[in-house]
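The values are calculated or read from the model by the stated rules, or taken from the named source; none is laboratory data. The shown structure was predicted, so the numbers you read here are calculated from the model rather than taken from an experiment. Note: ideal-geometry Cβ built from the backbone for every residue, glycine included; neighbour counts use all protein chains shown.
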Amino acid sequence: MNFSSYTNTALTAAKAGSEVLIKYYNNVLDIEYKGEIDPVTQADKNSQKAIIKMIKDVFPEHGVLAEEDGVNEVNKDYCWIIDPLDGTVNFIHGLPMFCVSIGLKCKDEIISGVIYSPIMQEVFVAEKNKGAWLNGKKIKVSTIEDPIRSLAVTGFPYYIKEKSDRVMKNFQNVVFESQGIRRLGSAALDMAYVACGRFEFFWEEGLKPWDIAAGTLIVKEAGGKVSDYSGDAEGSVFKDTMLASNGITMHKKILKVISDKK
């Protein structure tokens, strides 16, 4: 597939970030905490530096919104939305479910996205109107439309201990309405797996733009649908709740199962 210079740069930057992560994986880490259960390591920080350097070398005028160290230039027409290590808790514990996620926002829409899973050696790529791809092969969402035949995936927000009512209510509702639920620990991978048909839908609240920017485009380009819990698809990357599914039929059914009431 012939991608734009934007997507090719995202691929190169994601690879650079992933190489940093591999260097630290299963080695001694300096772990700090942004919250009680929200860790950050030197792997996160150095991966982010490598990614931003790669992007700024090619597009110095573009903005960056990134998870670590408060980098926020989202007001620029072109803004790279970066998670240098999605799945930090997994990474710390030696679990292979983590990735680099990079999305490029042009004004109000995501036009390019890459999710790079280094241990699994899987690279998910999407470009607006060019489809979604996994390791060079085009991917599509699944065709299952009955929730009881669906495999769902979710995550829990870092504020789960303080505000658990809606989270646990929705979890229980989906347990009763689906074939099963998985909890992988990486929102970016959750969305990538919806895009390639491994899951039928993903829902979570308390997410940040860097968690879901790339995944949002990858799901859409694979034929899926993305919105908040109320069904509003506009600006969903910057909203507090997220539902990504394999299409309109499933989406409507799951919106009736999960509540947007706190």
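The table below lists the values:
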{"item": "Residue under evaluation Leu207, criteria (1) in contact (Cβ under 8 Å) with a residue 60 or more places away in the chain; (2) in a loop (DSSP other than H, G, I, E, B); (3) among the aliphatic types (A, V, I, L, M), criterion not met", "result": "(1)"}
{"item": "In segment 230-248, residue farthest from Ile144 (Cα to Cα) [restricted to those that are in a loop (DSSP other than H, G, I, E, B) and in contact (Cβ under 8 Å) with a residue 40 or more places away in the chain]", "result": "Gly235"}
{"item": "Filter pass, Arg166 being free of Cβ contacts under 8 Å to residues at least 60 places away in the same chain and among the charged types (D, E, K, R)", "result": "no"}
{"item": "Of all residues making up segment 41-68, the number that are closer than 19 Å to Phe98 by Cβ and not aliphatic (A, V, I, L, M)", "result": "10"}
{"item": "Ser164 being surrounded by fewer than 22 Cβ atoms within 10 Å (Cβ to Cβ), polar (S, T, N, Q) and within 30 Å of Asp69 (Cβ to Cβ)", "result": "yes"}
{"item": "Among residues of segment 223-262, those that are of a type in the set (Lys, Arg), surrounded by fewer than 19 Cβ atoms within 10 Å (Cβ to Cβ) and at pLDDT 95 or above, counted", "result": "3"}
{"item": "Residue in segment 123-132 that is over 24 Å from Lys208 (Cα atoms), at pLDDT 95 or above and of a type outside the set (Gly, Ala, Ser) present", "result": "yes"}
{"item": "Residue check for Ile115: aliphatic (A, V, I, L, M) and in contact with a strand residue (DSSP E or B) (Cβ under 8 Å, 6 or more places away or on another chain)", "result": "yes"}
{"item": "Search result, residues across segment 22-74 that are out of contact with any strand residue (DSSP E or B) (no Cβ under 9 Å at 6 or more places or on another chain), within 19 Å of Ile212 (Cα to Cα) and among the acidic types (Asp, Glu)", "result": "Asp38, Asp69"}
{"item": "Which numbered condition Met191 fails, given (1) of a type outside the set (D, E, K, R); (2) outside any helix (DSSP H, G or I); (3) buried (at least 19 other Cβ atoms within 10 Å of the Cβ)", "result": "(2)"}
{"item": "Residue within segment 48-69 that is within 15 Å of Ser112 (Cα to Cα) and out of contact with any helix residue (DSSP H, G or I) (no Cβ under 9 Å at 6 or more places or on another chain) present", "result": "yes"}
{"item": "Ile218 assigned to a helix (DSSP H, G or I), of a type in the set (A, V, I, L, M, F, W, C) and in contact (Cβ under 8 Å) with a residue 24 or more places away in the chain", "result": "yes"}
{"item": "Where Leu184 falls short, out of the listed (1) of a type in the set (A, V, I, L, M, F, W, C); (2) assigned to a helix (DSSP H, G or I); (3) closer than 22 Å to Asp86 by Cα", "result": "(2)"}
{"item": "Residues of segment 133-177 satisfying the condition of being charged (D, E, K, R), under 19 Å from Gly247 (Cβ atoms), out of contact with any Gly (no Cβ under 6 Å at 6 or more places or on another chain) and not in a loop (DSSP other than H, G, I, E, B)", "result": "Arg149, Glu177"}
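Listed here are the residues, each with its yes/no results for (1) under 30 Å from Asp108 (Cβ atoms); (2) surrounded by 13 or more Cβ atoms within 10 Å (Cβ to Cβ); (3) of a type in the set (Val, Ile, Thr).
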{"position": "Leu21", "(1), (2), (3)": "no, yes, no"}
{"position": "Glu32", "(1), (2), (3)": "no, no, no"}
{"position": "Glu36", "(1), (2), (3)": "no, no, no"}
{"position": "Ile55", "(1), (2), (3)": "yes, yes, yes"}
{"position": "Lys76", "(1), (2), (3)": "yes, yes, no"}
{"position": "Pro84", "(1), (2), (3)": "yes, yes, no"}
{"position": "Val89", "(1), (2), (3)": "no, yes, yes"}
